[in-house]
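Working notes, beginning with the structure itself.
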Amino acid sequence: MSCAICDLVKAKQGLLFEDEQMVIVLAPKPATAGHIWLVPKQHAAILEQIPDFVIGKLFDKANKVSIAVFETLGAEGTNILVNNGIAAGQTTNHCIVNVLPRRENDGLNFQWQTKQLSEEEMSTIELKLKDECKNIGAFEKEKPKPKEAPKPEEVKAAQDEVNYLIEQLKRIP
Amino acid sequence: MAEEQTLSPGDAAQAGEQQCIFCHIAAGRVAAKKVYEDDKVACVLDINPANPGHVLIVPKQHYVIMPQIPEDVLQHIGMVAKGVSHAQLRALKAQGTNIFVANGVSAGQRAQHFMMHVIPRMEGDQIAFAMPERAMNAADVKKAQQVLKKALAKAMGLKVADEPESHDEEQTPHEEKKTAEKKKEAVTEKPSPKETAKKQQPAKQGANLDDIARLLGGR
């Protein structure tokens, strides 16, 4: 099935930035003036399908986008928002990180009603989540990086260095 | 605890950190329901959750606003957010998650310590993260694209030199039209001398960020 967002990535409509992992584009239908999308290039329907290091980069770039927005659009704040899953309000078939420039009285309201939970309920949730969160930590690091940019000279230089170190080791009696 | 009433300006920043409840929570000095922790962040249950299982990812270092956070820490926070989201889907049978940052007072930031929200979602739970869709005319899109492209490159520390019209600011007859266009842009965005300065020294954080931080502190 074709994905409208993948098409948008290819078309580079409203493109602001591009690297190997993502494009940063103006949202085609902005919620606020200057609404920006950070879109991973590789198709991923939900956040969980995006490699860890790409997510790291997406959020880092979202910060850079916010800085750019502060300095040019006169925004006083930004919301960074991922709607992950239909129940969370996701409307596209491709996971997107939204950066929404905010101004006073811009008509947008992301405030939520807080729920009151009993101590017992909180503790149950804590235990359940804590158990599952044990799996956090073995992050998929950006190992592709040396592979992605295999400039022949660099690779050779790296190899030379390794060889040099090995030679040094051999010298030790 | 007997605290001094008068603070020298130098101590004020430190005092802010000492009074920051989220610094205390992240360091474990204040009791909280911690679901994950490592050397950079602590993840705790929000005591006023939007939904049961609402998690706050709190950096251990005190950062008031997002632009102050170093790249590696922010990347780490993002990756932890994915992990927390995944945990919520599995452990709480959530049907979706929202990852949300309120960056600045007008974006709804209340605390003087940066945090990222990860909120488990269920169908029909009445939480509104829906974004209205507004139409934009092509001219506005083009203009926003031009301005933002430059500012974003600057924020990322990239060179802005590859812009076709950025080679010379001097007004030669055949360039008059271009410059006029540029001026129009400059009127709405910023004075053109600033733009020239920007091209010469790209990766430098603007003073505006401090203003935003101050704005937050003022409340």
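Here's a check for you: in region A:102-137, which residue that is small (Gly, Ala, Ser) and more than 21 Å from the chain's Cα centre (by Cα) is nearest to residue A:43 (Cα to Cα)? Among them, the one singled out is A:107. Residues that are closer than 11 Å to residue A:85 by Cα and more than 7 Å from chain A (Cβ to nearest Cβ) within region B:90-110 comprise just one, B:94.
Quick check: is even one residue across region B:138-160 on the phi > 0 side of the Ramachandran plot and surrounded by 22 or more Cβ atoms within 10 Å (Cβ to Cβ)? Before you say what the answer is, go through the steps one by one.
Filtering region B:138-160 down to residues on the phi > 0 side of the Ramachandran plot leaves B:157.
Then drop every residue that is not surrounded by 22 or more Cβ atoms within 10 Å (Cβ to Cβ), which leaves none.
The answer is no, given that none of the residues of region B:138-160 is on the phi > 0 side of the Ramachandran plot and surrounded by 22 or more Cβ atoms within 10 Å (Cβ to Cβ).
Residues that are closer than 20 Å to residue A:50 by Cα and touching a residue at least 40 places away in the same chain (Cβ under 8 Å) occur in region B:63-80; there is at least one.
Filtered by the rule that a residue be outside any strand (DSSP E or B) and at the interface with chain A (Cβ under 7 Å from one of its Cβ atoms), region B:112-127 gives B:122, B:123, B:127.
Pick from region A:90-101 the residues that are without any contact (Cβ under 8 Å) to a residue 60 or more places away in the chain and farther than 21 Å from residue A:66 by Cβ: which of them is farthest from the chain's Cα centre (by Cα)? Break it down stepwise before answering.
In the first step, residues of region A:90-101 are kept if they are without any contact (Cβ under 8 Å) to a residue 60 or more places away in the chain; the result is A:90-91, A:95.
Among the residues that remain, those that are also farther than 21 Å from residue A:66 by Cβ are: A:90-91.
On the way: A:90: 16, A:91: 18 Å.
The qualifying residue farthest from the chain's Cα centre (by Cα) is A:91.
When A:93, A:98, A:84 are checked against the criterion of being assigned by TED's automatic domain parsing to the domain that holds residue A:10, within 22 Å of residue B:63 (Cβ to Cβ) and of a type in the set (S, T, N, Q), a single residue qualifies: A:98. Would region B:37-46 turn up any residue that is among the hydrophobic types (A, V, I, L, M, F, W, C), in contact with a helix residue (DSSP H, G or I) (Cβ under 9 Å, 6 or more places away or on another chain), facing chain A (nearest Cβ under 7 Å) and closer than 26 Å to residue A:108 by Cβ? No, region B:37-46 has no match at all.
Quickly run through region A:1-26 and pick out the residues that are touching a Lys or Arg at 6+ places or on another chain (Cβ under 9 Å), outside any loop (DSSP other than H, G, I, E, B) and under 14 Å from residue A:97 (Cβ atoms). Result: A:9, A:16, A:17, A:22, A:23, A:24, A:25.
The values are calculated or read from the model by the stated rules, or taken from the named source; none is laboratory data. If you're wondering where the values come from, they're calculated on a predicted model, not measured in any experiment. Don't worry about glycine lacking a Cβ; one is built from the backbone with ideal geometry, like all the others, and counts go over all protein chains shown.
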